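Every number in this text was worked out from the coordinates using simple rules, so none of it is lab data. The shown structure was predicted, so the numbers you read here are calculated from the model rather than taken from an experiment. Cβ: placed from backbone, ideal geometry, glycine included. Neighbour counts: every protein chain shown.
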Amino acid sequence: MSADMSILGLFLNASIIVQIIMVSLMLLSVISWAMIIDRSRSLGKATKNGNQFEQRFWSGLDLGKLYNDLTAKNKIPNGMELLFVAGYREFARLRKQEGTSAEAVMDGTHRAMRVAYSREIDKIEVHLSFLATVGSTTPYVGLFGTVWGIMNSFIALGSVKQATLAMVAPGIAEALIATAMGLFAAIPAVIAYNRFTHKVQKIETQYENFVEEFSGILHRKAHSSVRK
């Protein structure tokens, strides 16, 4: 009896529908944890790199030298570095074109940084929608498995004259495991989604502030060169 009431025994004795649901929930849980670990590392790295780059940017280093350092061989700029590289490259290119007004230079520069900004935000937001989907749907999937298992248990009881707790308990227990597995998959996904969403919002704000501040610096350079 104890062997049959173990989690493995209940899984093996469950109906095929409940088994499929349990396996699906287990796979979703494993995938969710892999994405949680990946997002945690990526967002932590993005925050750290952004803070380090801001320190270099505001240290008084020449913008041209900073651009050359970031675009040197074997270096791939990302995050805030990429916003700077995209903006400075477009700014330098447009300034070399004769007859280009300061407004046109800044419009092109700002547009280049906004495109780079959108691409970087897409990178850090990857997998968040999957975590949100897992967190919102897996409890219902597990509940469906529970309802299906309990329904089969009561149907089986209809064919016997005398029902006992020993006859009902295994079927109900195996059905409830599906709900437990649904919650096991959903709770970490919901917590991680809320935590990562907050981190993404902070990174977005940091990027947006940098774009505006850098645009202001380039705006002054563009107009000073026109006056000269």
Neighbouring Cβ atoms within 10 Å as the yardstick, rank 213, 120, 174 fewest first.
213, 120, 174
Tilt relative to the chain, helix 102-124 - C-alpha long axis, 0 to 90 degrees, to 10
20
Distance in nm between label sites at residue 201 and residue 104, each 7 Å beyond Cα in the beta-carbon direction?
4.2
GNM flexibility winner over the chain from 75, 202, 123 (Cα, springs under 10 Å)
75
Name the residue farthest towards the positive end of the dipole of the range 7-227 from the options 189, 138, 224, assuming +1 on Cβ of Lys and Arg, -1 on Cβ of Asp and Glu, about the Cα centre.
224
For 212, 90, what's the fewest-to-most ordering of other Cβ within 10 Å of each Cβ?
212, 90
Taking the 0 to 90 degree range and rounding to the nearest ten, how far is the long axis of helix 80-96 tilted relative to the main principal axis of the chain, both from C-alpha atoms?
30
Ordered by fewest other Cβ atoms within 10 Å, a rough proxy for footprinting exposure, 198, 219 read 198, 219
Where nothing but the Cβ of Lys and Arg (+1) and of Asp and Glu (-1) is charged, how large is the charge dipole of the range 1-143 around its Cα centre, in debye to the nearest 20?
480
Past the 19 Å Cα-Cα mark, which pairs from 65/202; 75/199; 48/75; 73/221; 45/123?
65/202; 75/199; 73/221
To the nearest 0.05, what FRET efficiency results for residue 65 and residue 129 with a Förster distance of 41 Å applied to their C-beta separation?
0.55
Run the numbers on the range 7-227 and let me know its relative contact order in percent, using alpha-carbon pairs under 8 Å that are six or more apart.
33
Want the number for residue 209 to residue 17: 0.36 nm per residue separation, take away the alpha-carbon distance, what's left?
63.9 nm
Between (1) 12.9; (2) 11.6; (3) 17.4, which matches mean projected area of the Cα convex hull in nm² calculated for the structure shown?
(3)
Among 151, 102, 116 the positive-end extreme of the charge dipole of the range 7-227 (Cβ point charges)
102
